[in-house]
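Engineer: Quick one: this structure, given as structure tokens, is what I'll be asking you about.
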Amino acid sequence: MALNNKNAEKQDNNSSAQAANQNISRKTAENKKTKTEKALTILTWGSIFLIWYVITRLGIFTPTLLPGPARVWKAFLRILENGYNGVPIWVHLGASFKRLFVAIFFAISTAVPLGLLSGYFDKIEAVLDSVVEFYRPLPPLAYYTLLILWFGIDDTSKQILLFLAAFAPIYIACVSAVRKLNQDFVLSAKSLGANQKDVFLKIVLPASLPEIFTGIRTAFGVAYTTLVSSEMVAATSGIGWMVLDASNFLKSDVIFVGIIIMGITGVIIDAGLRFLERKIIFWKGHI
Amino acid sequence: MTAQAKKESLIKINNLSLEYGESINSTLALKKIDLEINKGEFICVLGPSGCGKSSLLKCIAGYIKPTSGRVLMQGEEVDGPDWHRGVVFQSPTLYPWMTVNENVEFGPKMRDLPKAEIKDIREYFLNEVNLSGAGENYTFELSGGMKQRVAIARVLANYPQVVLMDEPFGALDALTRENMQNLIRNIWEENNTTIFFITHDVDEALLLANRVVVMSKQPGEIIEIFNVNFTNQIFEKGSKEVIYNEDYFEVKNEIMDIIHNQID
Ligand SMILES: Nc1ncnc2c1ncn2[C@@H]1O[C@H](COP(=O)(O)OP(=O)(O)OP(=O)(O)O)[C@@H](O)[C@H]1O
Ligand SMILES: [Mg+2]
């Protein structure tokens, strides 16, 4: 278990998208927290709010640049009620999440089989690995401009962008999962009469699930940051676009609301994934 | 010893040698092994650590190819693992994502047996290893001894021609170990199985085997093969009396001498 966590953190830190990943790695470490640790977390957030409040009270910055908690709260209620620019907040969030989930869905359904096959058959790896290794370290926004030229400014280019961003971490996790597989599992299955296909579906796939899940969580983190930044570059809807648009009009209270919503949804998505992980891979750590 | 009368050869190992690695860095693990395993036999292999016992088992199982020589099963050369040769590993490789039932049913399912038959086989062998009640459990909920019993049931469920076991009880405590020895002896007797069993415990070998194969230190060669029948005596009398008989100590000392000479 400890090893797994370390790996997960390593992968998180390596990836290019850092803001969202800090959420993930912190959460991983929090798995078994005691009462004091919980109190400390609450205290930290209390202090952050307090400092925020004190700074705005002292009037170091004008409220246009740094709105106080009360102002942000009001902006939040206003956005909840009237939406932003007449479009309800749910529509913005929905637009963002549609892009995110479509991309993740396709990333999972291609990266998992291709990654597992790459780990299993060296020839397939020879074809795929160098391509993934080449584009993985590129900042997604670097090739986003090309995607916009080819596919337009709509959802298609964004979904392809997010798909590419999410594909690499899942693929790499799958390859490494197969590499680390306990060979005795494969040998014993063959000695029990399993053919190649059975070994793959009944042994290799389930045995790789813990790492696949870590890969998916990393992919969500990367895709989520990429999503927000891509919406800030070119979009007409979405939570990232809302923040960008607000900054054009110096509505810093809306920017705050946008950032807080992004942070909280990121944490919720990761919590959901960890919940799924506990349900599906209940045997994790007993392998 | 009566079984010896109608020997039927099952596995023939001809002049087998095994070398790990390439040229300069190579290790000769096994040298000129000749051995015949007959149907219904319980063969125990003894030898100092690193002498190539596990390597020999892997050659028979089909996990590795010998550098020279051959392993024949009923006249055909062994080429990769298959379900006629079941393997029990030292640490049970049960699949943690399956229940005990599913683990035991794995082999028959892979062979596409009818559902009802799979269920009967599973019930029979779980009962045979005294685990009828544990079928719905996941394997990580079991103790070490229970796990190894599931592993044995899982292999037997395929009715393999031979069961290959690599120090299967090595990690168990003395009491559990004795129970397991009794269990495997009874299973062997009841189901007329053929067993190839690696151990480094001389007593274990003598209490289970018809034939005890003693190997030299690396590179592993067969030094001597002892025909013994203490396991049959145990069926007639019970374990304790066998241990205190003179024949037993004579054979045991002889084997101990060979092994000690190897280590010095
Ligand atoms: N995969 C391998 N590559 C290189 N050398 C190996 C490999 N496996 C085993 N050996 C070597 O072959 C020799 C025999 O090993 P093997 O595992 O068969 O011994 P063993 O009799 O089973 O020992 P033990 O009683 O400790 O299990 C040893 O010297 C070992 O170092
Ligand atoms: Mg060994």
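Engineer: Accessible area, 1.4 Å probe, largest first: how do A:Asp245, B:Asp112 sort?
Structural biologist: Descending accessible area places them as B:Asp112, A:Asp245.
Engineer: Counting Lys and Arg as +1 and Asp and Glu as -1, each charge on the Cβ, what is the dipole of the protein assembly as shown about the Cα centre in debye, to the nearest 20?
Structural biologist: 2580 debye
Engineer: To continue, here is another question. Rg (Å, one decimal) plus Dmax (Å, integer) for the alpha carbons of region B:43-142?
Structural biologist: 16.6, 47
Engineer: At what distance in nm do the modelled label points of A:Ser247 and A:Val54 sit from each other, each positioned 7 Å from its Cα along Cα→Cβ?
Structural biologist: 2.9 nm
Engineer: Multiplying the sequence separation of A:Asp184 and A:Lys35 by 0.36 nm and subtracting their Cα-Cα distance, what value in nm do you get?
Structural biologist: 49.5 nm
Engineer: Please work out how much length the chain gains when fully extended from B:Ile263 to B:Glu36, using 0.36 nm per residue of separation minus the C-alpha to C-alpha distance, in nm with one decimal.
Structural biologist: Contour length minus the Cα-Cα distance gives 79.1 nm.
Engineer: Mind checking which of B:Leu28, B:Leu206, B:Leu175 has the largest fluctuation in a GNM of chain B, springs on alpha carbons under 10 Å?
Structural biologist: B:Leu175
Engineer: Cα-Cα pairs above 34 Å in chain A: how many percent?
Structural biologist: Result: 31 percent of Cα pairs exceed 34 Å.
Engineer: Run the simple label-point estimate for A:Leu149 and A:Phe134 please: 7 Å along Cα→C-beta, distance reported in nm.
Structural biologist: Result for the modelled spin labels: 1.7 nm.
Engineer: Moving on to the next point. With point charges of +1 on the Cβ of Lys and Arg and -1 on the Cβ of Asp and Glu, referenced to the Cα centre of region A:137-287, which listed residue (A:Ala219, A:Val254, A:Leu276) lies farthest in the positive direction of the dipole?
Structural biologist: Going by the Cα projections, it comes out as A:Leu276.
Engineer: Output the 0 to 90 degree angle, nearest 10, between the alpha-carbon long axis of helix A:35-58 and the longest principal axis computed from the alpha carbons of chain A.
Structural biologist: Approximately 30 degrees, to the nearest ten.
Engineer: Something else about it: Starting from the Cα of B:Thr67, step 7 Å along the direction of its Cβ; do the same at B:Lys115; then give the gap between the two resulting points in nm.
Structural biologist: 5.3 nm
Engineer: Assign unit charges at the C-beta atoms only (+1 for Lys and Arg, -1 for Asp and Glu), then state the dipole size of region B:90-159 relative to its Cα centre in Debye, rounded to the nearest 20.
Structural biologist: Using Cβ point charges on Lys, Arg, Asp and Glu, region B:90-159 gives about 160 debye.
Engineer: How many percent of the accessible area of region A:64-280 is carbon or sulfur, using a 1.4 Å probe?
Structural biologist: 71 percent
Engineer: Using a 1.4 Å probe and counting only protein heavy atoms, how much accessible surface gets buried when B and A come together, both sides summed, in Å² to the nearest 100? Kindly include the intermediate steps, with their values, before the conclusion.
Structural biologist: Numbers: alone 13080 and 16150 Å², together 27390 Å².
About 1800 Å² of accessible surface is lost on pairing.
Engineer: Just the accessible area for B:Trp83, please: 1.4 Å probe, Å², rounded to the nearest 10?
Structural biologist: 70 Å²
Engineer: If the viscosity is 0.890 mPa s and the temperature 25 °C, what Stokes-Einstein diffusion coefficient in µm²/s follows for region B:90-159 when Rh is the Kirkwood radius over Cα pairs? Mind dumping the intermediate values first?
Structural biologist: Numbers: Rh = 11.6 Å.
D = 211 µm²/s.
Engineer: Could I ask something else about it? All other residues with a Cβ under 15 Å from the Cβ of B:Pro114 taken together, and with Lys, Arg as +1 and Asp, Glu as -1, what is their net charge?
Structural biologist: Summing Lys and Arg as +1 and Asp and Glu as -1 gives 0.
Engineer: For a test of the definition: using alpha carbon positions, the gyration tensor, and the 1.5 limit on a/c, classify chain B as rounded, prolate or oblate.
Structural biologist: oblate
Engineer: Between the helical axis of A:19-29 and the dominant principal axis of chain A, each derived from Cα atoms, what acute angle in degrees is found, rounded to the nearest 10?
Structural biologist: 60 degrees
Engineer: Can you put B:Leu126, A:Leu146, A:Leu187 in order of accessible area, largest first, using a 1.4 Å probe?
Structural biologist: A:Leu146, A:Leu187, B:Leu126
Engineer: A further question follows. Divide by every residue of chain A the summed helix terms, -39500 (n - 2.57) for each DSSP H run of at least 4, and state the resulting mean residue ellipticity at 222 nm, rounded to the nearest 500 deg cm²/dmol. List each step's numbers first, then the result.
Structural biologist: Details: 12 runs with 223 residues, N = 287.
Here the helix-only value at 222 nm equals -26500 deg cm²/dmol.
Engineer: Now for a separate question. Taking +1 at the Cβ of each Lys and Arg and -1 at the Cβ of each Asp and Glu, which of B:Phe42, B:Val163, B:Met73 sits farthest along the dipole of chain B towards its positive end, judged by Cα position relative to the Cα centre?
Structural biologist: Farthest towards the positive pole: B:Met73.
Engineer: To the nearest 20 Debye, how big is the dipole of region B:121-165 about its Cα centre, given +1 on the beta carbon of each Lys and Arg and -1 on that of each Asp and Glu?
Structural biologist: 140 debye
The values are calculated or read from the model by the stated rules, or taken from the named source; none is laboratory data. Note that the structure is a prediction, hence the values are computed from the model and not measured. FYI the Cβ positions are ideal-geometry reconstructions off the backbone, even for glycines, and counts take in every protein chain you see. Keep in mind that these areas ignore ligands, DNA and RNA; they rest on the heavy atoms of the full protein, side chains included. Shrake-Rupley method; radii C 1.70, N 1.55, O 1.52, S 1.80 Å.
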